[in-house]
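Novice: Right, I'll just put the structure down here and ask away after.
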Amino acid sequence: MKVPASEQSTLLQVQDCDTRLAQLQHKSNTLPQKAELATATERAERLRKELIAAQTIVSDLEREQAKADADVDLVRERSRKDRELLDSGSINDPKQLQSLESELESLAKRQLDLEDIELEVMERLEGAQAAVTHLESESASAQSEVQRLTAEVGDQEAEIAAERTSVEADRGALVGGISAELLALYDKIRADHAGRGAARLHRGRCDGCRIDLPPTEVASLKAAAEDEVLRCEECRCILVRTDESGL
């Protein structure tokens, strides 16, 4: 393939643009804030689930306490009525009086048992409510951290996107001055060699693979016509000659 030397030099500028675009993509993929954001998001989600679980426990205990309160109130009301009946003097039968007194004793014992249950539930509820309060604070803090890191990532991505747009515009202007055949070859080589399609020949060394070319190859390159498209025998990149090629 024969292409004017000026086009080959322009190809180096296109390669510089492509290299920069690859660097920007790598920078975007490896932003430290992204890893921090992933960790913060995971923590926030874990705390959210723990908070929901804690709130569910509180709701269950509130229902349990309401039942315990109702059970105690029921026994108290029954005791009050029995006590009023006993104190009214309307019962004269000794057996009925004995039965009523026995029931009052049973109710008193039952009330104590229920009050113990009520107190135990109340203590558990207080502990659960304290856990919810703590988790609400932790969850809010975690969400705030997620928002902060999201904003930082957004700012970094915006900067990268702005530079990417500028580099793509430069590349677009450059490829307009390169023949379709040369550009197609460059793109094919670049696709097969991790983004590198063209390299400078610098003082007898290929800047693509960083290998010093053997003297016989250097001599062959030196003898080639100025417009001939050269290739590195090692990495197959298009070798572009410059004033510092050492030929």
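The values are calculated or read from the model by the stated rules, or taken from the named source; none is laboratory data. Computed from a predicted structure; not experimentally measured. Every residue, glycine as well, gets a Cβ built from its backbone with ideal geometry; the counts of neighbours run over all protein chains shown.
Novice: Considering only segment 1-27, how many residues are more than 18 Å from Cys237 (Cβ to Cβ) and either in contact with a Cys (Cβ under 9 Å, 6 or more places away or on another chain) or crowded, with 16+ Cβ neighbours inside 10 Å (or both)?
Specialist: Total satisfying the criteria: 1.
Novice: All but one of (1) surrounded by 13 or more Cβ atoms within 10 Å (Cβ to Cβ); (2) at pLDDT 95 or above; (3) more than 30 Å from Ile160 (Cβ to Cβ); (4) not hydrophobic (A, V, I, L, M, F, W, C) hold for Arg78; which doesn't?
Specialist: (2)
Novice: Where the second residue is aliphatic (A, V, I, L, M) and not in a helix (DSSP H, G or I) and the first is within 22 Å of Asp155 (Cα to Cα) and in the same structural domain as Val146 (by TED's automatic domain parsing) and lies in segment 37-55, which pairs have Cβ atoms under 9 Å and are six or more apart or on separate chains?
Specialist: Every condition considered, the pairs that remain are Leu37/Leu31.
Novice: Okay, next question. So is Glu136 in contact (Cβ under 8 Å) with a residue 12 or more places away in the chain, surrounded by 15 or more Cβ atoms within 10 Å (Cβ to Cβ), closer than 30 Å to Glu36 by Cβ and acidic (Asp, Glu) or not?
Specialist: no
Novice: Looking at segment 166-195 only, could you name the residues that are β-branched (Val, Ile, Thr) and either assigned to a helix (DSSP H, G or I) or touching a strand residue (DSSP E or B) at 6+ places or on another chain (Cβ under 9 Å) (or both)?
Specialist: Within segment 166-195, Val167, Val175, Ile189 meet the criteria.
Novice: Just to be sure, is Gln156 crowded, with 16+ Cβ neighbours inside 10 Å, in a helix (DSSP H, G or I) and under 28 Å from the mean Cα position of the chain (by Cα)?
Specialist: Criteria met by Gln156.
Novice: Collect the residues in segment 184-215 that are in contact (Cβ under 8 Å) with a residue 60 or more places away in the chain and not charged (D, E, K, R), keeping them in residue-number order.
Specialist: Leu185, Tyr186, Gly195, Gly197, Ala198, Ala199
Novice: What number goes with the only condition from (1) over 25 Å from Leu24 (Cβ atoms); (2) touching a Ser or Thr at 6+ places or on another chain (Cβ under 9 Å) that Glu226 does not pass?
Specialist: Exception for Glu226: condition (2).
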